[in-house]
Structure formats: structure tokens, C-alpha cells
Amino acid sequence: MRQRSRVLLLLLVITLLCGVLFMMRPDGLLAPYLSIYDEPDEPSEPSQDGPVSDGPDTPSEPDDPDVLPELPPERPSEPDVPTTPTEPSTPTVPTVPSEPNTPEPPEPSVEPTVPPVRPSEPEKPVNPLPSYDYPIDVSAYLPAISYRYDSILLVNKTHPLGPSFSPGIVTKLPSSLTLYKKDVQLEITAASAVEAMLLCMRADGITNTFVTSGYRSYQYQASLQNSYVRDEKSRNPSLTQAEALAIVRTYSAAPGSSEHQSGLCVDLMTTSMSNLDETFESTAAFAWLQKNAAQFGFILRYPKGKEAITGYTYEPWHYRFVGRDAAIEITEAGLTLEEYLNK
Ligand SMILES: [Zn+2]
């Protein structure tokens, strides 16, 4: 009996539990009092009102997170930008000017080519002949014509050049300016000046004058001397080598003491001449040169009556480039280069 009552009690408890559970269903009698069903109900409510009122808020929230993640990256990038620009800009600005200052010093090496600035200065010494009118436009030649040397090179028997001396940049003169279109080389500045001089001479009506000699190397001068000595000995077989050489010395410079090795001088000839001789003195070209050569930077290097100073006999055909300022000064004063340089 006792066991039977226990079973009945258990069944009763189970039945009660089932009843309670039944009432606890979402739509059961106890549902409104149970909080566990409030949450599922709220979502359903906002889902209805959501599209109207909460909708905008909800989307705005997801947008914010999208924006926010973007902003952080921008902000870190922004601070980087300001920091990098400010830091590098300030250091680079001071360093940049400081660097240019250092590279500027190398410019002094450019100074050698600065001489073109001097063309403006020549206007002062140009005073002797300020109104000279070149017969053609020589503006392209003026930097060469008015070139000013820091020190003018002196070449003579007491100031010879060594076998290794070279005039720097040497260029070939236009064949239209050389006698019978022979190859004549000259230092590049002197070449430009002599070209302007001959073009102006032609513009003034003198068309028969050409360059017959320009730059000669030490080696060429040595071979020239040997051939002159042979000529003298063949002309007078009784001459010794030393005697023949002494004669050659009177008209031909020893290797190293020829100004032609400087590349800065020319010998001029007319087509009516067969040799370089004093007949050049009676040509229209010589008269023109007497009057105008200095305006192109050239001087008559071995004037008549100055043999004791120059060491060479009168050579009306030999012209030396020294630059316009010096040439005008030397010519106006009637000096030789030796006298002008006090040597
Ligand atoms: Zn000469």
C-alpha cells in the first residue's frame, strides 16, 4: 500500500509539473508573468517600428563603425603627414641651402670661362677708339675679340716654351680663310678673332689676304729648323753646321722660342705674294691692319725698329692675339709686347 501511494504521489507531481509547463508556454496563462519571453517580444516590436523610427539610427550606427575605422587610419596618416612634412621640411630647408653653398665653391673653376663678363669692361679702355664701327655684325665674335688674359703669354728667345707646351684647345681655321685652302690650326679664341678680322677686311673690299701659318708644334718647329739649315748649307757648302744654324736663327725661331707654338699668332699673305717678305708692307691689307688689327685683339708683333727688343727682324705679316684691350693699348702707345709686359 505504501509503495502504491508513492507511485500515485509521483504521478501527481508529474501531472502538476506538466500543467505548470503547459501554462508557461509563450501563449500560456503564465507567459505574461514570465520575463524570459519579454526579449523575444521586443525584437518583434522594433522590427515593426524599426523601419520607421529606429531604422535610421540603426543604419547610422553601422555607418559610424565604417567611418570610424576609416577615420582612425586617416588620423594616424594625418599626424604622420604633418610630422613628416614638418620634420623633413625644416631639416631639408636648412640643409638644402647649406648644400648649395658647398657646391657653389666649385664654380670658381668656371671663372676661367667667365672672361665673357669682361667684354663689358673693355668699354673703358676702348676710349682710345670708342667709335669704331665693325663693317659687319661681329657680336658672335666679341667674346673672343675682347677676351682678357690674366697674364699675357710672352714667347721669345729669352722666354721659350717647353717641348710639352700646348695652347689648349686648338681648332682648324675655315679653309676659305687660309692661303690655297691649306690646313691652319689656331688656339680657339684667337681663331675666332682672326676669322672676324678677315671677314671684316673682306667686307671693306680686301679679298686677297689669307692666313698662311698659325699654330706650329715644337716638333714641327724643330723639323723646320733642320730643313732651313740644309737649305743654307746647300746654298753655301762651305758653311759649318753651327754657321748655317746661326744664319737660320736670324729669320727662324729656335724650337720653343717661336711664338707660333703658342697658337696665338698668324702669318698673313696676299695671293700676289710668293713668299713671306716685306712686300706685304705695301699691300692694302697691311694698311688696313695698321688701322684696324687692334680692334680684333691683334698687334704687329715684330715692328720695324724694335728688333733689339723683340729679338726678331721686322715682320709686317706676323700678328699676335692679345685681346682687344691690350692690343689697343699696345698699338696706341707704339709698344712691343716685351715693353708692355716690362720684360
Ligand atoms: Zn709668324
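Nothing in this text is a laboratory measurement; each read-out follows from the coordinates by a stated rule. Everything numeric here is computed off the predicted structure, so don't read it as measured data.
Check which residues have an amide H placed less than 5 Å from Glu315's amide H, if you skip close sequence neighbours.
Amide H neighbours of Glu315, under 5 Å, 5+ apart: Tyr302.
So which lysines can Lys306 reach, going by Cα to Cα under 18 Å and dropping same-chain residues fewer than 8 places off?
Counting by Cα, and skipping residues close in sequence, Lys306 has these lysines nearby: Lys157, Lys343.
Hey, could you pull the Cα Rg and Dmax for region 211-306, both in Å?
Over region 211-306's Cα set, Rg and Dmax evaluate to 15.4, 48 Å.
Across region 166-178, in residue order, what do the Karplus-derived ³J(HN,Hα) couplings come to in whole Hz, using 6.51 cos²θ - 1.76 cosθ + 1.60 with θ = phi - 60° and x for Gly and Pro?
9, x, x, 7, 10, 10, 8, 6, x, 4, 5, 9, 9
Work out how much length Asp133 to Asn342 would gain on full extension: take 0.36 nm times their residue separation and subtract the Cα-Cα distance, in nm to one decimal.
72.1 nm
Let me understand region 148-277 better: what is its radius of gyration from the alpha carbons, and its Dmax, in angstrom?
Calculated on Cα positions, Rg and Dmax stand at 16.4, 51 Å.
At 0.36 nm per residue, and after removing the present C-alpha to C-alpha distance, how many nm does the segment from Glu307 to Tyr180 gain when stretched out fully?
42.6 nm
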